[in-house]
Amino acid sequence: MLFVKIGEGWVGTGVFKRLDESEAFSGTINVEVELKGIAAELRKRLALDATLSSETIICPLVGPNSDCNATNTVHVDAFLYDDDLLDSLVEDGKLSRSYCKDCGSKNTSPLNFVSHSASIPRLRVIFQEILPDLTGKVVLDIGSRLGPVLYGAYYYSNAARIIGIEISQEFVQLQSQVVQGKGFTMHLIQICKNRTMVLEPEYRAYM
């Protein structure tokens, strides 16, 4: 969940439908290249589904995604795999778009594709169209995972401070490697890893 400190309050973003990539990157080709480069490096270090054995992923019991389960759902991270890469995985037989409801029959249904990250087009829309000017503001990403919101905030905004909070030590290490490898200023992007943290009151209110 992404929160942005605006004045004395916080603004939280919701969940959005996947964008057609033709709508993205107008005038931001250098940022696209940088973010795709980060995604390419992360793909080398992660399994196809970009999940960790140490994670416990629980499907929702109510709401629009309550039909998701281990049989009909696959994890495909939208930051790591854009539409072209997704099509290539299907063509190469590494990923399927459907599953057999009755083994051995032609009774198939589409698989649910679930992403734990925002895609690069979505990051651009969040920071350049949905949120106001972030000059001098604080961006706080709770559950920063692979860090795409942090990188998006770095490239697409003028936020004074960008903070990622992540419980998983493995994900913290991945984010730290990206931050150090890209030369991001460490005072700008802070990656926190502890379950119990001492934060300023306005941060703590959202923990």
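The values are calculated or read from the model by the stated rules, or taken from the named source; none is laboratory data. Note that the coordinates shown come from a computational prediction; the quantities given were computed from them, not determined experimentally. Backbone-built Cβ (ideal geometry, glycine too); neighbour counts: all protein chains shown. Only protein heavy atoms, including side chains, enter the accessible area calculation; ligands, DNA and RNA are left aside. Shrake-Rupley method; radii C 1.70, N 1.55, O 1.52, S 1.80 Å.
Some values worked out for this structure:
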| item | result |
| --- | --- |
| Single condition Lys94 does not satisfy, out of (1) at pLDDT 90 or above; (2) assigned to a loop (DSSP other than H, G, I, E, B) | (1) |
| Listing of strands (runs of 3 or more DSSP E) fully contained in the stretch 101-166 that carry 3 or more residues being surrounded by fewer than 23 Cβ atoms within 10 Å (Cβ to Cβ) and over 20 Å from the mean Cα position of the chain (by Cα) | 108-110 |
| Where Asn65 falls short, out of the listed (1) closer than 14 Å to Asn112 by Cβ; (2) within 17 Å of the chain's Cα centre (by Cα); (3) not hydroxyl-bearing (Ser, Thr, Tyr) | (2) |
| Per-region count, the stretch 29-54, residues surrounded by fewer than 13 Cβ atoms within 10 Å (Cβ to Cβ) and assigned to a loop (DSSP other than H, G, I, E, B) | 3 |
| Residue in the stretch 55-81 that is nearest to Val178 (Cα to Cα), counting only those that are open to solvent by 30 Å² or more (accessible area, probe 1.4 Å) and not in a loop (DSSP other than H, G, I, E, B) | His75 |
